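Here's the structure we're looking at; comments come further down.
The values are calculated or read from the model by the stated rules, or taken from the named source; none is laboratory data. As the structure is a computational prediction, the values presented were derived from the model and not from experiment. No Cβ is skipped: glycine too gets one built from the backbone with ideal geometry, and neighbour counts run over all protein chains shown. Remember, those area values only see protein heavy atoms, side chains included, never the ligands or the DNA or RNA. Shrake-Rupley method; radii C 1.70, N 1.55, O 1.52, S 1.80 Å.
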Amino acid sequence: MRILRGKDYGEMSLLAARIMAAKILSNPSCVLGLATGSTPIGLYDKLVKWNEEGILDFSKVTTVNLDEYKGLTPDNDQSYRYFMNTHLFDRVNIRKDHTFVPDGTEKDEEKACADYNRILEEVGPADIQLLGIGRNGHIGFNEPGDAFIPLTHSVQLTESTIEANSRFFATLEEVPKKAYTMGMKTILNAKTVLIVASGKDKAQAVHDAFEGPVTPACPASVLQLHSDVVLAADEDALSLM
Ligand code: F6R
């Protein structure tokens, strides 16, 4: 694993954005695995800026997102499709029909997961998979559990994740309790994994993921098994490493 240490969130975002940009420049038809959440926003802003400046071209890029809340429509401002549109897709010259997010409106969980697995299969492994990390070590919505689940599946979100996500909703009751997420085999199939972390509240998870045992109790620890992982983090998130 390679660690890119930024002194703060801004510097971490720049270091991480450079890694993504290099992938796009070296292969304009690349497949980007993308994440939502607060942490990648600074990185996306940098990619948008470089696109506006004519340095980065997204016209041939394909993207696959990690996850989506079950029950939220794309126009719901808390859905991950909405997040991706507003933070990246609507701001760069990407073809929308080349961007994929699990279908949160599909009520049939088996179908939603099978459909997304088919898309992932067709698109092929990501050239780079961007990940954030939850305070409990989750990646995508692969929550701590007894096993690493290989493919797209529906998950019951843990109390800790619901509580962390509640900052974006008016009440705790409004936070969706289920989500569809890419599985661990798909994440590990990415050629490069770029994981971003910022803030003291991520320090324990970052430590457990990379210095603790490989265990589904800390889902991000599976990344110790990948041969090309870049951790871009700020001083606070690295404070226990
Ligand atoms: C988002 C996702 C989640 C987040 C994680 C960290 O698509 O898959 O695993 O990456 O919850 O979220 P933030 O960055 O908001 O702390």
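Here is how the numbers come out for the structure above:
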item	result
Considering residues of the stretch 127-141 that are under 20 Å from residue 62 (Cα atoms) and either more than 6 Å from the ligand (Cβ to nearest atom) or assigned to a strand (DSSP E or B) (or both) only, the residue most open to solvent (accessible area, probe 1.4 Å)	127
Selection within the stretch 76-118 - farther than 18 Å from residue 179 by Cβ and in a loop (DSSP other than H, G, I, E, B)	88, 92, 93, 94, 95
Candidate set: the stretch 215-229, residues that are assigned to a strand (DSSP E or B) and farther than 13 Å from residue 133 by Cα; chosen: the one farthest from the chain's Cα centre (by Cα)	215
Residue within the stretch 45-68 that is aromatic (Phe, Trp, Tyr) and within 16 Å of the ligand (Cβ to nearest atom) present	no
Tally of residues being over 18 Å from the mean Cα position of the chain (by Cα) and open to solvent by 30 Å² or more (accessible area, probe 1.4 Å) across the stretch 55-76	8
Pairs with Cβ under 8 Å, 6+ apart, first in the stretch 197-210 and more than 13 Å from the ligand (Cβ to nearest atom), second of a type in the set (S, T, N, Q) and open to solvent by 50 Å² or more (accessible area, probe 1.4 Å)	210/224
Candidate set: the stretch 166-206, residues that are modelled with pLDDT of 95 or more, open to solvent by 20 Å² or more (accessible area, probe 1.4 Å) and of a type in the set (Ser, Thr, Tyr); chosen: the one farthest from residue 108 (Cα to Cα)	198
